[in-house]
Amino acid sequence: MRACTQCGKCCEIYGAGLTATADEIAWWETFRPGIARYVSNGVLWVDPVSQQRLASCPWLTDNKSEGTFGCSIYPDRPEDCRHYPVTLSEMARDGCEMLESSDLKHPQKSQQALDVLMIDSRPPLA
Ligand code: SF4
Ligand code: SF4
């Protein structure tokens, strides 16, 4: 299990279909109105001018010189984003670059390694 390479695949796959709780949205409305502008009737992410749902996450940045992607609201990103990746199977399905081929030979150990890597972002998989 390697650290996140910032390949951006997870944001590209899931960024347009994220959800957020009412508490998250209320927090953005109070403390991060710039983010809340892209939420409409509980739906993420919506163009604040056209009110059309966006086809991709508006906060994904392309660090072309480094060949990586970033998140311009990283400290305030949705819980959905904080929790990814959760399981080895979703990583394999999504092509997540944290997953190494050897991880699939020892799935239990690899899941524990993933849970340690993610300890600051989400609770461990039960
Ligand atoms: S909010 Fe940030 S972490 Fe979440 S999908 Fe968008 S760019 Fe990725
Ligand atoms: S798909 Fe995996 S390696 Fe790529 S940015 Fe997401 S968590 Fe990081």
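Readers should treat all values here as calculations from the given coordinates under stated rules, not as data from a laboratory. Keep in mind that what you see is a predicted model, and the values were worked out from it rather than measured. Cβ: placed from backbone, ideal geometry, glycine included. Neighbour counts: every protein chain shown.
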Original post:
Along the three principal axes, how long is the chain when you take its alpha carbons, biggest first, rounded to the nearest angstrom?
Top reply: 49, 35, 21
**OP:** Tell me what the chain gives for mean residue ellipticity at 222 nm when only DSSP H runs of n ≥ 4 count, each as -39,500 (n - 2.57), the sum divided by the residue total, rounded to 500 deg cm²/dmol.
**Re:** -8500 deg cm²/dmol
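Given DSSP loops and a limit of at most 16 other Cβ atoms within 10 Å, what is the longest stretch of the chain that contains no such GluC sites (Glu not before Pro)?
Free of exposed loop sites, the longest segment is 1-65.
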Subject >> Reachable lysines, given that their alpha-carbon falls under 17 Å from the alpha-carbon of Lys64 and they are not under 8 places away in the same chain >> reply: Lys9
Original post:
What is the helix-to-structure angle for 107-117, meaning the angle in degrees between its Cα long axis and the longest Cα principal axis of the chain, kept from 0 to 90 and rounded to the nearest 10?
Top reply: 50
**OP:** Starting from the Cα of Lys105, draw a straight line to each of the aspartates and glutamates and keep only those under 19 Å, dropping any in the same chain fewer than 8 residues away.
**Re:** Glu90, Asp94, Glu97, Asp115
**OP:** Collect residues whose amide H, placed 1.01 Å from N in the peptide plane, falls under 5 Å from the amide H of Thr61; neighbours closer than 5 in sequence don't count.
**Re:** Gly70, Cys71, Ser72
Original post:
What list of ³J(HN,Hα) values in whole Hz, one per residue of the range 76-86 in order, does the Karplus curve 6.51 cos²θ - 1.76 cosθ + 1.60 (θ = phi - 60°) give from phi, with Gly and Pro shown as x?
Top reply: 10, 5, x, 4, 3, 6, 4, 7, 7, x, 9
Original post:
Taking Cα centroids, how far is the range 42-83 from the range 88-126 in Å?
Top reply: 23
Subject >> Virtual spin-label span in nm between Glu97 and Ser72, 7 Å along Cα→Cβ >> reply: 2.2
**OP:** List the relative contact order of the chain as a percent without decimals, with contacts defined as Cα pairs under 8 Å and 6+ residues apart.
**Re:** 30
Original post:
Mind checking the dipole of the chain: about its Cα centre, +1 per Lys or Arg Cβ, -1 per Asp or Glu Cβ, Debye to the nearest 20?
Top reply: 120
Subject >> Cα-based helix-to-principal-axis angle, 22-31 vs the chain, degrees rounded to 10 >> reply: 60
**OP:** Could you please report the charge total around His83, scoring K, R as +1 and D, E as -1 over all other residues with beta-carbon less than 13 angstrom from its beta-carbon?
**Re:** -3
**OP:** Quickly work out the Thr30-to-Ala16 label distance, labels modelled 7 Å from Cα along the C-beta direction, and quote it in nm with one decimal.
**Re:** 3.3
